[in-house]
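S.K.: Have a look at this one before I ask anything.
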């Protein structure tokens, strides 16, 4: 069934056929003046308690394909948006917009949920009420901030509707359903958007250099017993997270050096027993190694 708002969902259908005659006199005497055959379709949505009733004209010949209606009555539940779209992303933000449907007079607001796991797998960890400082909602658009670069997120939006009880004056806010509560149900499933922040893969652009001229980042090598200790000052590149050391027994093209220490865990000094003679220090980021650095012996 598709409501005038554009929301489509499965529902329990009840069809009622009404047949009767209309007579001139109250005691049903005399000839009948009208033969009435009327069809009433009722859609009942168990998940939401929403009812839509369509009543055909009185002299209807078809029970399934009638197009003219004498009466229509659609009771609207609080439905989620029909769709959610990603409008943009940065390293720390994702911007979205959504389609609330064509009937919006009962909508008083929206609530945005997000997490790194789908809402069909576990409850969302964050939302625009508990984490209000991270979300800016304007109409049917929102920007979520404070996110992690290069990370996949799952986002959904619910519809909020306020109802003021005329007898008590108390206002309650009702909210459309969330995954996973509606999964497998009869109501319209809330749409869930998968979106990814930019960045996250950062490759250093500067190299660790010799101590010439003075004051530049540099590499030093000292012999400690049978081991060698390399120390260096990083290039200061914002993408530099850790370092690696590669070596070769003879002077080689940089690409021919083999790995000696794959990850120094961010330390700028490393002691090891060398089987090579020539070494290079590399700055490493999440996107890979930086340019080849200092050659030393």
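The values are calculated or read from the model by the stated rules, or taken from the named source; none is laboratory data. Remember, it's a predicted structure, so these values are computed and weren't measured experimentally. Neighbour counts run over all protein chains shown; Cβ positions are idealised from the backbone, glycine included.
S.K.: Need at least 2 residues that are under 14 Å from the mean Cα position of the chain (by Cα), farther than 30 Å from residue 292 by Cα and at pLDDT 90 or above per element, so show me which strands (runs of 3 or more DSSP E) inside the stretch 125-204 make the cut, counting only ones lying wholly within it.
M.R.: 141-144, 152-164, 192-196
S.K.: Is it the case, given these coordinates, that residue 122 is modelled with pLDDT under 90, surrounded by 19 or more Cβ atoms within 10 Å (Cβ to Cβ), out of contact with any helix residue (DSSP H, G or I) (no Cβ under 9 Å at 6 or more places or on another chain) and more than 25 Å from residue 199 (Cβ to Cβ)?
M.R.: No, not satisfied.
S.K.: Quick one: would you say residue 263 is modelled with pLDDT of 90 or more, in contact with a strand residue (DSSP E or B) (Cβ under 8 Å, 6 or more places away or on another chain) and assigned to a loop (DSSP other than H, G, I, E, B)? Lay out the reasoning, then the answer.
M.R.: Numbers: modelled with pLDDT of 90 or more: yes; in contact with a strand residue (DSSP E or B) (Cβ under 8 Å, 6 or more places away or on another chain): yes; assigned to a loop (DSSP other than H, G, I, E, B): yes.
Criteria met by residue 263.
S.K.: Pull up the stretch 266-297, narrow it to residues that are part of a strand (DSSP E or B) and touching a helix residue (DSSP H, G or I) at 6+ places or on another chain (Cβ under 9 Å), then point me to the one that is nearest to residue 204 (Cα to Cα). Break it down into steps so the answer makes sense when it comes.
M.R.: Filtering the stretch 266-297 down to residues part of a strand (DSSP E or B) leaves 269-272, 278-285, 288-289, 295-296.
Adding the requirement that they be touching a helix residue (DSSP H, G or I) at 6+ places or on another chain (Cβ under 9 Å) leaves 280, 295.
Working: 280: 15, 295: 18 Å.
Restricting to residues being part of a strand (DSSP E or B) and touching a helix residue (DSSP H, G or I) at 6+ places or on another chain (Cβ under 9 Å), the top hit is 280.
S.K.: Of all residues in the stretch 105-123, how many are in contact with a strand residue (DSSP E or B) (Cβ under 9 Å, 6 or more places away or on another chain) and within 17 Å of residue 176 (Cα to Cα)?
M.R.: Residues meeting the conditions: 12.
S.K.: What about residue 256, is it surrounded by 14 or more Cβ atoms within 10 Å (Cβ to Cβ) and at pLDDT 85 or above? Before you say what the answer is, go through the steps one by one.
M.R.: On the way: surrounded by 14 or more Cβ atoms within 10 Å (Cβ to Cβ): no; at pLDDT 85 or above: yes.
Judged against the criteria, residue 256 is not a match.
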